[in-house]
Every structure is written in C-alpha cells, then in structure tokens.
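Below is one structure, written out as structure tokens; comments come after it.
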C-alpha cells in the first residue's frame, strides 16, 4: 500500500530537525500499536542519514551489539572496544553530535524499563549536561501507552520534563479512508466504506492488511477478519495483555460489557458483581481506551447521565464479536461466526454510522462542540448535535442507515424541547438535517 496522509506530522518532524541544527531536540512519539509510528518516522527521514534503534526484548549486551552495527553502518564510525551499556552508546552519540548533526530514532523506547530502568536516569544526566551544545535530533517512540505516560509524565521519573516535543499519532481521518478505498475499489458501496471505518477505525496497519488481502467489500472484510488465516484474531489480546498485566481478565470483562452496549457503571457492576471504579479510572486516564460521554449540553462531567464509551473501533469490534464468541473460534467454526457478524452488522453499524458523522464533523474543525444528547427518561434522544459558539449556529441531525427511517419533524420537536431547557441557544441559527448510509 502506498503511503497516505500524515503531511502535518511529516512537516512537524522536519521542522524539529531544523531546530536540532542549533541545539538538541528531544521528541516523544506515541500512539497505539499498528497506528503507523515507525513508518511515519522512517518516511520523515528517508532522504537523509539517520540511526534507527529498535529496542527488542533481549539483553542489554545484545542490544548494544545491534546498535553498534547500526552506528558503524550509517555513520562509518567504529566504536572502539566492546560496549555493553546502552547509556554509554547514547552518551557517545550525544557527544558525537556536537560536531556533526544526527537524527537518532529509538523505537519501542518503553522496553528499556524491562531491560535496564537505569538507562532513563543515565540519559537524563547526559542530556541535561550536553543538550544545548549537541546537534542531535533524538526521537523516541513507544506503543505501550501506560508505560510511555509513566516515563515522561510522572514527575518522579528522571525523564519528566525533558522532551521538547510530543506527537500523538492518530488514526486516518474519514476522508483518507475514502481515498484509500477509492484507489483500491473505485466502485465501492457506502456499506463497504462504513465497514472499513467500523472494523479498523482508521488504524493504518489494519487498513493495509485488508487492502493487501483484497478485502474491499463489507462481506470480504468480514470473511477475512473472521478466518483461520486472519492475523487479527488475537490482535487485541496481544496488545492489551501487555498494557493491563496480571489483571487483564477484569479489564477485558469491562471492555466486553462496553462493546455490548452496557455503558453505565451501575450496569457493568451489576453484570460483573464487582466494584469497577478504579478500573474505569485507569482505562480512562492511564490507558486512554475509554472516555466519559455525557449529553453535549450538560454542565458537568459528573452528570448523573454519564456513560462510558470504548473509543477504538477495532477494539469495539474485537470485544463485540471475537472475544464474546471465542468458543466458536476455538472449535474452528469460522463460517458460523461470519454469519453472526453479518446478521448483527446492521444494528452494529448503525451506531458506527452515528460515530462516523460525529467524527467527520470534528475533523472539519467548523464547530466548537460536537456530540449527541439523551435525557434520563428517554423522551429526548438526538444522534448528532454540532455547535459553533463563535458564529452562533447549531446543527441537529437524525442519523439512520435507511433514509426512509429519518424523521425530521420528530427531530425538530425534540430539539425544541431540548432548547427550552438551554435558553442560551435561543438566538442561535438552527439547522435540521437527515443523514443516512447513502450520504457517505
């Protein structure tokens, strides 16, 4: 698959490189696994010499040998003698960069925590002493969000406050997904685009896997995802067990409940028969996997109408269909599970369609608030509300897969009832829209 998007991130990385010609720059790049961090960094510096260190799960001595080979290959400068310390190699490069500017990329940086945590304090010391004189462009990348947060955001850690720049790599936007699918399947149907968004959430590697396997239609995507040859069957488990550690079972149960649509704390605790307050906090604050969702016009995040939502589309799909029906996968009845996904896709994708339009509105950057609304009694439920507090306009939308199910009059009636409670919007220009699958 050709390289898509990331123009803004590439521009930022190249601008930081220019700054490093005067004084050392330390950039932290984060993002979930498979999002495309490594490819982004290699693309940014593909036309200039750079060092790329991958921190694999091996001993420090073996890592040093790997790093020495890379240094000698790229810089043509042999490091004399046997070096068994990563800290010594980093100090050597920072000192070297006082004479010659270099870009150093360290991928999966958080793995040093398992290999030798003292590397962080050693790097802090050499960085503090030499950063201003060194022309090094140091970039560290990590996929285990909780560990990267701990290394750089915990004020008790040695590298706290050392980074000059932080880039968080996000999924492809909806417009990029349309571009990719158009390139591979010019005659795609709206359901195919919605399926690509629903299953991948714009995560670059997942999109590439589907395109490489010629899974351009909804049915073909489901057939690949739920198959013996799919490398994504165990994907969420492999990613999240490392994040969660020994308590992954409880976290998996909570995420499964959210994926099934049980998104109030009381509902989940009733189902699991367990207090989950601490787990929800960590899922939200430490792992960045869930977020609090309150009706868009509500005044406080402590609203009694609070719901929790699982953010990542692929994880929603995985917990909704693969984790729930793992017993079917274990006996190899893949076709039976494919039938279940196809059976439930209309309901499942209806919620994803609402999320697609909210995501698209956020990407457009024309509003100051985007969300949805519901009240506790269930008498008012609006799929989409977008507000521009500067231009004073508000848009309400009814989102349905089938355009015949869109009810503009009902939308207007509910919106009027809602605005009677929030009178600060009474003088706003109002628009009422219906969006369906056909509008993708």
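The values are calculated or read from the model by the stated rules, or taken from the named source; none is laboratory data. Note that the structure is predicted; figures quoted are calculated from it, not measured. Every residue, glycine as well, gets a Cβ built from its backbone with ideal geometry; the counts of neighbours run over all protein chains shown.
Here are the numbers for the structure shown:
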item	result
Test for residue 407: is it outside the structural domain of residue 310 (by TED's automatic domain parsing) and surrounded by 15 or more Cβ atoms within 10 Å (Cβ to Cβ)	no
Qualifying positions in the stretch 254-264 - farther than 15 Å from residue 287 by Cβ and out of contact with any strand residue (DSSP E or B) (no Cβ under 7 Å at 6 or more places or on another chain)	256, 257, 260, 261, 262
Count of the stretch 11-53 residues which are closer than 23 Å to residue 207 by Cβ and either outside the structural domain of residue 72 (by TED's automatic domain parsing) or not in a helix (DSSP H, G or I) (or both)	9
Matching residues in the stretch 384-420 - criterion: being touching a residue at least 60 places away in the same chain (Cβ under 8 Å) and out of contact with any helix residue (DSSP H, G or I) (no Cβ under 8 Å at 6 or more places or on another chain)	385, 418
Pick from the stretch 129-143, criterion out of contact with any strand residue (DSSP E or B) (no Cβ under 8 Å at 6 or more places or on another chain) and under 18 Å from residue 15 (Cα atoms), ranking: surrounded by the fewest Cβ atoms within 10 Å (Cβ to Cβ)	132
The listed residue being surrounded by 14 or more Cβ atoms within 10 Å (Cβ to Cβ), farther than 23 Å from residue 175 by Cβ and either in contact with a strand residue (DSSP E or B) (Cβ under 6 Å, 6 or more places away or on another chain) or without any contact (Cβ under 8 Å) to a residue 40 or more places away in the chain (or both), out of 374, 435	374
Lone unmet requirement of (1) under 23 Å from residue 164 (Cβ atoms); (2) without any contact (Cβ under 8 Å) to a residue 60 or more places away in the chain; (3) over 29 Å from the mean Cα position of the chain (by Cα); (4) not in a helix (DSSP H, G or I) for residue 78	(1)
Single residue of the stretch 163-209 satisfying the filter (within 22 Å of residue 13 (Cα to Cα) and assigned to a helix (DSSP H, G or I)) that is farthest from the chain's Cα centre (by Cα)	176
Residue identified as in contact with a strand residue (DSSP E or B) (Cβ under 6 Å, 6 or more places away or on another chain) and assigned to a helix (DSSP H, G or I) among 412, 420	412
Residue 62 vs. criteria in contact (Cβ under 8 Å) with a residue 40 or more places away in the chain and either within 26 Å of residue 144 (Cβ to Cβ) or not in a loop (DSSP other than H, G, I, E, B) (or both)	no
Tally, over the stretch 369-394, of residues that are under 26 Å from residue 346 (Cβ atoms) and either part of a strand (DSSP E or B) or at pLDDT 95 or above (or both)	11
Hey, residue 263 surrounded by fewer than 20 Cβ atoms within 10 Å (Cβ to Cβ), at positive phi and in a loop (DSSP other than H, G, I, E, B) or not	no
Search result, residues across the stretch 88-108 that are surrounded by fewer than 18 Cβ atoms within 10 Å (Cβ to Cβ) and under 23 Å from residue 148 (Cα atoms)	88
Considering residues of the stretch 281-304 that are touching a strand residue (DSSP E or B) at 6+ places or on another chain (Cβ under 7 Å) and modelled with pLDDT under 90 only, the residue farthest from residue 145 (Cα to Cα)	297
Filter result (surrounded by 14 or more Cβ atoms within 10 Å (Cβ to Cβ) and more than 21 Å from residue 42 (Cβ to Cβ)) within the stretch 66-83	79, 83
Residue match in the stretch 270-278 (condition: under 30 Å from residue 387 (Cβ atoms), modelled with pLDDT of 95 or more and either buried (at least 17 other Cβ atoms within 10 Å of the Cβ) or in the same structural domain as residue 423 (by TED's automatic domain parsing) (or both))	no
Boolean, residue 231 is farther than 21 Å from residue 336 by Cβ and surrounded by fewer than 16 Cβ atoms within 10 Å (Cβ to Cβ)	no
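Conditions tested, residue by residue: (1) surrounded by 17 or more Cβ atoms within 10 Å (Cβ to Cβ); (2) more than 22 Å from residue 41 (Cα to Cα); (3) modelled with pLDDT under 95.
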position	(1), (2), (3)
177	yes, no, no
180	yes, no, no
190	no, yes, no
195	yes, yes, no
208	yes, no, no
218	yes, yes, no
221	yes, yes, no
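Rundown of residues vs (1) part of a helix (DSSP H, G or I); (2) surrounded by fewer than 19 Cβ atoms within 10 Å (Cβ to Cβ); (3) free of Cβ contacts under 8 Å to residues at least 12 places away in the same chain; (4) assigned by TED's automatic domain parsing to the domain that holds residue 40, yes/no style:
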residue	(1), (2), (3), (4)
110	yes, no, no, yes
124	yes, yes, no, yes
127	yes, no, no, yes
148	yes, no, no, yes
152	yes, no, no, yes
157	no, yes, no, yes
